[in-house]
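The values are calculated or read from the model by the stated rules, or taken from the named source; none is laboratory data. Being a predicted model, the structure only gives us computed values, none of them experimental. Glycine gets a Cβ as well: all are built from the backbone with ideal geometry, and neighbour counts include every protein chain shown.
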Amino acid sequence: MIRRLRVLWNNLFRRSQLDADLDEELSVYTELVADEKVQSGMSHDEARRDARREMGGVEQVRQNVRDIHAGIWLEKLGQDIRYGVRSLAKNPAFSLVAIATLALGIGANTAMFSLLDQIVLRLLPVKQPERLVKVTVLGNNYGNTYGTDRVSWPMFEDLRGGNKVFSDMFCRFLATVTLGYGDRATQAKAELVSGSYFPILGVGAALGRTIAPEDDNIPDERPVVVLSYSFWRNYFNADRTIIGRTIVLNGHDMTIIGVAQSGFDGVELGNAAQMFVPIMMKTEMTPHSDGLKDRRRRLAWVAAYGRLKPGISAQKAQSSLQPLLHGILEMEVQQADFRQFSDEDRRQFLRNRIEVLPGSDSWLGNYMRRPLWILFALTGAVLLLACANLANLMLARATAREREIAVRLVIGAGRGRIIRQLMVETLLLAGAGAVVGLALAFLADRLLIRMYLPANEAAEFVVSPIPDWRVLGFAFGMLLVTLLAFGLMPALRASRTEAAGSLKERSGTGSAASVSLRRMFVSAQVAMSLLLLVGAGLFVRTLRNLQNQGPGFPTNHLLEFNLNPSLNGYSNQQTEAFYERLNVELQAIPGVSSVGLSSMPILKGYAWQNAVLGDLSGARAEDQPVLSEVGPNYFATLGIPILEGREFTEQDRGPQKYGMINQSFAKRYLPPGDPIGRRFGLVDDQDPAHQPDIQVVGVIADMKYRDLRETPPPQAYFPYFQGASFRFMNVYLRTQSDPRQLQNQIQERMRQFDPHVPIVGLQSVDEQIDWSLRTERLVASLSAVFGGLALLLAVIGLYGVMAYTVTCRTREMGIRIAMGATRLKIIGMVMREASVMVLAGLSAGAVLALALANLIRNQLFGLNPHDPWTLIGASFSLAIAAELAGFIPALRASSVDPTNALRQE
Amino acid sequence: MTRAQSDLLQGTLDVLILKALALQELHGMGISRRIAQMTNATFDVKAGSLFPALHRMEQAGWLTSSWGQAETNRRAKFYSLTETGRKQLQTKTEHWTGIAVAMAAALGIS
């Protein structure tokens, strides 16, 4: 094999060998001329000089000869390409299937790799991104937290001051603010950053300057803001005079000091920062929570990052930080706010561990990692299948062309020339496939990004559908491997053809080896198709299960949006009044039958949790129900049945605190018996002596809270007007008809109602649920498409092989029929052959599917990864399709006319 | 070589090389000397035109080459006619005979 490759190599690229030969040839010529002159009496030296002069410049002669070769080579290449295009055009069915197969393999892989690379694999666009790490604490913080990757402000300061592994650390917190500029108001994402943020990241300014350490020394002191490059372009139209101007954030004047370098949107993918503000301005940016000045250790809100010192690995940093963390925890556990917790809780708390993650760690990346890897693995299967299909096609074609090649060999074409011809043809196919594939990948990624992100976010999302050079390299790498696998093998085989033998043969029957190779490829295709079909079945059924499940209440005719008047600097009283008036205003819109407010959005993955105190709460503090503050009519609006007691009313204001719970809460935290009138409390880290003070007035049926996958968790609800402060609120409207008809009207009403309070995320709850299932839908629809295409390719492959075998054996069939075989018998014979291939493929595919199914266990819902019905269903449909594909050639074989068949040869 | 000769060479070189190789295989210098001998030294083919022509004709499949032993024990590349080359020689000979006869008649030489 290696020898053969070398021959091929020489034929294609033997320039240097040729040059050496030419040099030798020319120098021998000169020497021979000199020899001649010496013989005729010249001195040796004189003869050589003369000979060289006569030669007239070796370099020029050499160049002339080379030009001749290059010209001939180009001319031949032109011929090969013309010939290749003509022979591909002569067989359009073959060419189309081959190009489509290639495009599918390359397109699917490039599209998925592009997403995987940008969402999961790629590092941040900062200085030495591999040395940047995120520092988090694993375990319960026993307090409030903005996410599992957050630490408290004092904890950050302790880590920054006490560590020996980082050259420096920074922290950040992404806040939603109301931005006023000119007469426009909008919500924007502001990244609150410590002064070390830009220096550590090594991110510079495109305009003006970035936030420096001295901007972040004293609380409330420096009202400055740096815009992100894309926000500056999109919202401020790339106005270069913007530096030094003032914008209003949450009612505070802020001076724009710079625009960050292009391509930098903060450090969290999928949560792009539109502007950067010193974290010392926290009070102004988040009017209703502090954490910076009150220095609470039980409130984890900043994400902490560090740049590793030279020579320190992430693992080394992690083990070095652990004792530091333990010391801090030992100190924290002694503090007053820990007194209310049990000894077991304390022990648990001291077991918290430092975790050092890559700096590019993001929620989106973590959330999408598994689905994207699964889809990428599926596209890998598609690629294998495409390769098997192409190899099969090329083998069939090479066999069919043996005669043509034999003729060309006889009339004097060199073997190298024929191999080159086949390679050119293969390259033409592959090139066309690659071009179509890349175009497909681009379109697919654009579609996927649009499907995956709502329109307004897609515009600012940093994932781009344009494949970068690495993706292109990846695609061409695959192309090359595919090319070598299916282009070279038939080419080598075809060129070995014994001309005489092939010409003598009747109709180009291929060797037994090539037919069995093709059968093997068909079986491999069937196996891959089964794998993809089983995957598709599992994912489609998961999606259907989730859709059928529902959240536990009717979601049609339900509209939602959210707003936050407190960001406008409205006081508590103003905000409370705002919500009261809002309720009345919305209720008055014709077509709205009911309005409900909730401080927590449902089915968006968010949860507010707190530990419970109760009569009988033997439960540990770690075990927390989910909570929300809601308005009157909230449950009636959502359509959640009240099982016992009543819903909140405007009268439930106090001093007595009221609560509603769901069934699971009652079972989990309350003693058996009627829950109405019982009391429970929330653990408060500010008030260790807190008593159960909330009286249960009603019990609702279980409903889902975070997402459709969860089993309804224990839940408790409180009247929002009994809460300590009023902020963010989600508004739910039950409508009489299609909720989307009301959207424009509501938008308009709200603008008149208060032009300074932007409303966000106006959509129907059905749309929202659809949106929450986007990953499942993405995986289900893509795997279904892949599965369908795989089935089609496998069927085409099987049909091709069977049709070919039958054609080759026309004579044999004729003889059999002449000898008295019935049609049925002939059909049976052919079908048996097809079935062997299909069965071999199905068994291999089933083994693969069963072995790999566990990898996707977490992605499934409501069914087992080894679900027998999915496997049986997929095998069955594949078998039927394959048998049908085999039946057509079988039918043809059975209707062979024996006299014709025997005469033909 | 005068300009007239070089013009003539454009069309004649191929046929002269074919003719030179008709009897035996030769290396580059051998071909050059053989042509000089055949044409009574009218044509002195220099390396600058000889080698490009040889390589072109070899690529066209008229000649094949192999390395062999030359005079004074040097290793040299020998060219010989292929079957196609022989046919070419035949065709070209007929062609040239036609031209030669016509030209002779026209110029009143015969």
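Between a first residue in the stretch B:21-33 that is within 10 Å of chain A (Cβ to nearest Cβ) and a second residue that is surrounded by fewer than 22 Cβ atoms within 10 Å (Cβ to Cβ) and assigned to a loop (DSSP other than H, G, I, E, B), which pairs have beta carbons less than 6 Å apart while being 6 or more apart in sequence or on different chains?
B:His27/B:Ala70
Hey, any hits in the stretch A:32-39 for a residue that's of a type in the set (A, V, I, L, M), under 27 Å from B:Thr72 (Cα atoms), in contact with a Gly (Cβ under 9 Å, 6 or more places away or on another chain) and at pLDDT 80 or above?
We begin by selecting, within the stretch A:32-39, every residue of a type in the set (A, V, I, L, M); these are A:32-34, A:38.
Next, only the ones that are under 27 Å from B:Thr72 (Cα atoms) stay: A:32-34, A:38.
Narrowing further to those that are in contact with a Gly (Cβ under 9 Å, 6 or more places away or on another chain): A:32.
The next check asks that each one be at pLDDT 80 or above; those that pass are A:32.
Yes, the stretch A:32-39 contains at least one residue that is of a type in the set (A, V, I, L, M), under 27 Å from B:Thr72 (Cα atoms), in contact with a Gly (Cβ under 9 Å, 6 or more places away or on another chain) and at pLDDT 80 or above.
Does A:Leu638 fit the bill of being crowded, with 20+ Cβ neighbours inside 10 Å and touching a helix residue (DSSP H, G or I) at 6+ places or on another chain (Cβ under 6 Å)? It would help to see each step written out before you state the result.
Details: crowded, with 20+ Cβ neighbours inside 10 Å: yes; touching a helix residue (DSSP H, G or I) at 6+ places or on another chain (Cβ under 6 Å): no.
No: the conditions fail for A:Leu638.
Please state which one of B:Ser65, B:Ser80 is in a strand (DSSP E or B), farther than 20 Å from A:Arg62 by Cα, among the hydroxyl-bearing types (Ser, Thr, Tyr) and modelled with pLDDT of 85 or more.
Answer to the check: B:Ser80.
Quick one: is A:Phe338 among the aromatic types (Phe, Trp, Tyr), modelled with pLDDT under 85 and not assigned by TED's automatic domain parsing to the domain that holds A:Leu429? Walk me through how you get there before you give the answer.
Values: among the aromatic types (Phe, Trp, Tyr): yes; modelled with pLDDT under 85: yes; not assigned by TED's automatic domain parsing to the domain that holds A:Leu429: yes.
When the stated conditions are applied, A:Phe338 passes them.
Based on this model, can you work out whether A:Val33 counts as at the interface with another protein chain (Cβ under 9 Å from one of its Cβ atoms), crowded, with 18+ Cβ neighbours inside 10 Å and touching a residue at least 24 places away in the same chain (Cβ under 8 Å)?
No, not satisfied.
If you go through the stretch A:844-862, how many residues are in a helix (DSSP H, G or I) and touching a residue at least 40 places away in the same chain (Cβ under 8 Å)? Can you show your working first?
Within the stretch A:844-862, the subset in a helix (DSSP H, G or I) is A:844-859.
From what's left, touching a residue at least 40 places away in the same chain (Cβ under 8 Å): A:844-846, A:848-849, A:852-853, A:855-856, A:858-859.
Residues that pass the stated criteria total 11.
Surrounded by fewer than 20 Cβ atoms within 10 Å (Cβ to Cβ), of a type outside the set (Ser, Thr, Tyr), under 29 Å from A:Val137 (Cβ atoms) and in contact (Cβ under 8 Å) with a residue 12 or more places away in the chain, is that true of A:Ala303?
The answer is no for A:Ala303.
Can you name the residue in the stretch A:298-335 that is modelled with pLDDT of 90 or more and assigned to a strand (DSSP E or B) and is also nearest to A:Thr145 (Cα to Cα) among such residues?
Among those that are modelled with pLDDT of 90 or more and assigned to a strand (DSSP E or B), it is A:Val302.
Go through (1) in contact (Cβ under 8 Å) with a residue 12 or more places away in the chain; (2) under 29 Å from A:Ile411 (Cα atoms); (3) within 11 Å of another protein chain (Cβ to nearest Cβ) one by one and return the number of the condition B:Gln59 breaks.
(1)
Quick one: B:Ser66 ticks every box in (1) in contact with a Phe, Trp or Tyr (Cβ under 8 Å, 6 or more places away or on another chain); (2) exposed (fewer than 14 other Cβ atoms within 10 Å of the Cβ); (3) away from every other protein chain (no Cβ under 14 Å) except a single one, so which number is it?
(3) is the only condition that B:Ser66 fails.
Pick from the stretch A:73-119 the residues that are surrounded by fewer than 22 Cβ atoms within 10 Å (Cβ to Cβ) and either hydroxyl-bearing (Ser, Thr, Tyr) or touching a strand residue (DSSP E or B) at 6+ places or on another chain (Cβ under 6 Å) (or both): which of them is nearest to the other protein chains (Cβ to nearest Cβ)?
A:Tyr83
Determine which single condition A:Trp363 fails, assuming it passes every other condition in (1) modelled with pLDDT of 80 or more; (2) under 22 Å from the mean Cα position of the chain (by Cα); (3) farther than 23 Å from A:Asn109 by Cβ.
Failed condition: (1).
With the structure loaded, tell me whether A:Ser566 is surrounded by 20 or more Cβ atoms within 10 Å (Cβ to Cβ), in contact with a His (Cβ under 8 Å, 6 or more places away or on another chain) and either within 23 Å of A:Leu762 (Cβ to Cβ) or at pLDDT 85 or above (or both) or whether it fails that test.
yes
Look at B:Thr82 and say whether it is among the β-branched types (Val, Ile, Thr), within 12 Å of chain A (Cβ to nearest Cβ) and touching a strand residue (DSSP E or B) at 6+ places or on another chain (Cβ under 6 Å). Spell out the reasoning first.
Values: among the β-branched types (Val, Ile, Thr): yes; within 12 Å of chain A (Cβ to nearest Cβ): yes; touching a strand residue (DSSP E or B) at 6+ places or on another chain (Cβ under 6 Å): yes.
Criteria met by B:Thr82.
Look through the stretch A:36-72, keep the residues that are more than 9 Å from chain B (Cβ to nearest Cβ) and hydrophobic (A, V, I, L, M, F, W, C), and return whichever of them is farthest from B:Leu54 (Cα to Cα).
Applying the filter and picking the extreme gives A:Met42.
Which residue, of A:Val435, A:Val410, A:Val333, is surrounded by fewer than 19 Cβ atoms within 10 Å (Cβ to Cβ), within 14 Å of chain B (Cβ to nearest Cβ) and of a type in the set (A, V, I, L, M, F, W, C)? Reasoning before the result, please.
Numbers: A:Val435 fails: within 14 Å of chain B (Cβ to nearest Cβ); A:Val333 fails: within 14 Å of chain B (Cβ to nearest Cβ).
When all the criteria are applied, what remains is A:Val410.
So, in the stretch A:131-159, of the ones that are touching a Gly at 6+ places or on another chain (Cβ under 8 Å) and not aliphatic (A, V, I, L, M), which residue ends up nearest to A:Trp232 (Cα to Cα)?
Per the stated criteria, the residue is A:Lys134.
Filter the stretch A:278-306 down to the residues that are touching an Asp or Glu at 6+ places or on another chain (Cβ under 7 Å) and aliphatic (A, V, I, L, M) and list them by number.
Hits for the stretch A:278-306 are A:Ile279, A:Met280, A:Met281, A:Ala303.
Does B:Phe43 qualify as being more than 14 Å from chain A (Cβ to nearest Cβ) and within 14 Å of B:Ile17 (Cα to Cα)? Even if it seems obvious, please write down each step before you answer.
Values: more than 14 Å from chain A (Cβ to nearest Cβ): yes; within 14 Å of B:Ile17 (Cα to Cα): yes.
Yes; evaluated as a whole, the condition is true for this residue.
Taking the stated definitions as given, is A:Leu22 touching a residue at least 24 places away in the same chain (Cβ under 8 Å) and farther than 30 Å from A:Leu782 by Cβ?
Details: touching a residue at least 24 places away in the same chain (Cβ under 8 Å): yes; farther than 30 Å from A:Leu782 by Cβ: yes.
Criteria met by A:Leu22.
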